[in-house]
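Working notes for the structure below.
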Amino acid sequence: MTNPQWMAVDQYFTETIAPADEALTAALADSTAAGLPEIAVAPNQGKLLHLLARMQGARNVLEIGTLGGYSTIWLARALPADGRLITLEYSPVHADVARANIARAGLDKIVEVRTGAALDTLPQLETEGAGPFDLVFIDADKVNNAHYVEWALKLSHPGTVIIVDNVVRNGRIATEHADDPAITGTREMFDLIAREPRLDATAIQTVGTKGYDGLLLARVTA
């Protein structure tokens, strides 16, 4: 579900207050050229992630779902010089594209791209003591959203911010769709958060170049 006016407004926002630069433009172009799906966050959404990380004063960030590294660049640019961002990507092809994009942006000393299924690599992070993370951005396969939030909570501290992308699903999140695993997984995530006393959360609907969707934002309270 898209609307020309939504797209025009997003374009206006991007051109006026979230303009692209060479590294961001090249990251999208190279991702497309490599055949990656064109599902990266919109520029103004990338800027939102950047601002949220800066407002949080984040030094240690976890991203679940790298794709071509576009959102990774936005997040990493919010970190101090001694900050760290670990991003998890299932596809080796996507991970290679992301590493090149991140290196071109001059962020390869801050960002580490790990390849493999996130439900395999997340326990490794716990074993290594890589956390706690100040901010976690989840934008991977929606079937496992609840599991990713559980892991984000394990790897957090009081005050950690957790952001989950694509939670509205063109409005279909509000109705039963047992035949759509992405919606079922996202609803399981909402049910988990609703009963989890350590999380304080809300969700917002968005429209724009990415269509009709939304974000969930949560804060770890204990």
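A few comments on the model shown:
- Candidate set: the stretch 48-69, residues that are surrounded by fewer than 24 Cβ atoms within 10 Å (Cβ to Cβ) and of a type in the set (S, T, N, Q); chosen: the one nearest to Arg104 (Cα to Cα): Asn60
- Verdict on Ala100 being aliphatic (A, V, I, L, M), assigned to a loop (DSSP other than H, G, I, E, B) and open to solvent by 10 Å² or more (accessible area, probe 1.4 Å): no
- When His94 is tested against the conditions (1) farther than 24 Å from Trp74 by Cα; (2) touching a helix residue (DSSP H, G or I) at 6+ places or on another chain (Cβ under 9 Å); (3) open to solvent by 20 Å² or more (accessible area, probe 1.4 Å); (4) not polar (S, T, N, Q), the lone failure is (1).
- Residue in the stretch 123-179 that is farthest from the chain's Cα centre (by Cα), counting only those that are among the aliphatic types (A, V, I, L, M) and farther than 14 Å from Ala218 by Cβ: Ala178
- Subset of the stretch 1-31 (residues that are under 14 Å from Gly68 (Cβ atoms), among the hydroxyl-bearing types (Ser, Thr, Tyr) and exposed (fewer than 14 other Cβ atoms within 10 Å of the Cβ)): Thr25
- Of all residues in the stretch 32-47, exactly one satisfies the criterion of being farther than 18 Å from Val164 by Cα and either in contact with a Pro (Cβ under 6 Å, 6 or more places away or on another chain) or surrounded by 18 or more Cβ atoms within 10 Å (Cβ to Cβ) (or both), namely Leu36.
- Residues within the stretch 193-213 that are polar (S, T, N, Q) and more than 17 Å from Ala174 (Cα to Cα), tallied: 1
- Residues of the stretch 203-213 that turn out to be part of a strand (DSSP E or B), at negative phi and open to solvent by less than 80 Å² (accessible area, probe 1.4 Å), as a count: 6
- Those strands (runs of 3 or more DSSP E) of the stretch 103-185 in which 1 or more residues are open to solvent by less than 10 Å² (accessible area, probe 1.4 Å) occupy 135-138, 161-165.
The values are calculated or read from the model by the stated rules, or taken from the named source; none is laboratory data. Only a predicted model underlies this, so the values are computations on that prediction, with no experimental measurement involved. Don't worry about glycine lacking a Cβ; one is built from the backbone with ideal geometry, like all the others, and counts go over all protein chains shown. To get the accessible areas, we keep the full protein, side chains included, count just its heavy atoms, and leave off ligands, DNA and RNA. Shrake-Rupley method; radii C 1.70, N 1.55, O 1.52, S 1.80 Å.
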